[in-house]
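The values are calculated or read from the model by the stated rules, or taken from the named source; none is laboratory data. Worth saying up front: this structure is predicted, and the values here are computed from it rather than measured. Note that we place each Cβ from the backbone using ideal geometry, even for glycine, and neighbour counts take in every protein chain shown. Surface accessibility is based on the protein's heavy atoms, side chains included, excluding ligands, DNA and RNA. Shrake-Rupley method; radii C 1.70, N 1.55, O 1.52, S 1.80 Å.
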Amino acid sequence: MIRPATLADAPAICVLWNTLISDTTATFTNTAKTPGEVADLITQRHAGGHAFLVADEGGLLGYATYAQFRGGDGYATCMEHSINLAPASIGKGVGRRLMAAVESHARAQGAHQMIAGISGENIAAVAFHSAVGYVQIATIPQAGCKFGRFIDLVLVQKFL
């Protein structure tokens, strides 16, 4: 079931997010999130008219969220999303359902396009985005640094 995240989801989102932070290059972030920080993000996204959604079937399967790509009113219809799945959910359609829901929400709010920044080492995420209609528009060489090495950032885009 895809539904809006609630503050009660913050601890489970933290577990998933922090595993990605500590164990992978799926995110360039090195600092673990706290439940309070995640709760604040959920509140900010909902208050700003953006979505923070979870896939929940008796436990967190994944989450997706979006907000404006860059500040300023000139970017008001260009959104950037993030989607992360629990390892056991990969390949089971959860990502596709979350992506469809977050895109639908953004479209209903007047968004014209979605952008994602993906670690160049996250080949599965690049392939997933391609499979759901995103086009690679740029690679920023060595944009991130994690685990003592520089990593490319791949930008993908989809017009809604």
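On a full-extension model of 0.36 nm per residue, what is the gain between Arg96 and Ile123, subtracting their alpha-carbon distance, rounded to one decimal in nm?
Working: separation 27, 0.36 × 27 = 9.72 nm, distance 1.66 nm.
Length gained, Arg96 through Ile123: 8.1 nm.
Using a probe of 1.4 angstrom, how much of the accessible area of the stretch 23-125 is carbon and sulfur, in percent? Please list the in-between numbers first.
Working: 2600 of 5010 Å².
So the carbon and sulfur contribution to the accessible surface is 52 percent.
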Ratio of the Cα radius of gyration of the chain to 2.2 N^0.38 Å, where N counts its residues: 0.99
Between the modelled labels at Phe159 and Asn30 (7 Å from Cα along Cα→Cβ) the distance in nm is 4.0
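Count neighbours as other Cβ atoms within 10 Å of each site's Cβ, and list the trypsin sites (Lys or Arg not before Pro) in the stretch 52-108 that are DSSP loop with at most 16 such neighbours. Could the numbers behind the result be given before it?
Details: sites: Arg70, Lys92, Arg96, Arg97, Arg107; in loops: Arg70, Lys92.
When the trypsin sites (Lys or Arg not before Pro) of the stretch 52-108 are filtered for loop state and at most 16 Cβ neighbours within 10 Å, Arg70, Lys92 remain.
Can you tell me the order of 79-86, 10-17 when each peptide is scored by its average per-residue count of other Cβ atoms within 10 angstrom, highest first? List each step's numbers first, then the result.
Working: 79-86: 20.6, 10-17: 18.6.
Ranked from most to least packed, the peptides come out as 79-86, 10-17.
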Probe 1.4 Å, accessible area per residue of the chain, Å²: 50
Compute the distance in nm between two label points, each set 7 Å from the Cα along the Cα-to-Cβ direction, one at Ser130 and one at Glu57. 2.7
PRE zone check, label point 7 Å out along Cα-to-Cβ of Leu7, amide N under 19 Å, scope the stretch 36-78, hits 36-54
What distance in nm separates the simple spin-label points at Asp40 and Ala76, each placed 7 Å from Cα in the Cβ direction? 2.7
Run the numbers on the chain and let me know its relative contact order in percent, using alpha-carbon pairs under 8 Å that are six or more apart. 20
Using 0.36 nm times the number of residues separating Asn18 and Arg149, minus their current alpha carbon distance, what extension gain do you get? 45.2 nm
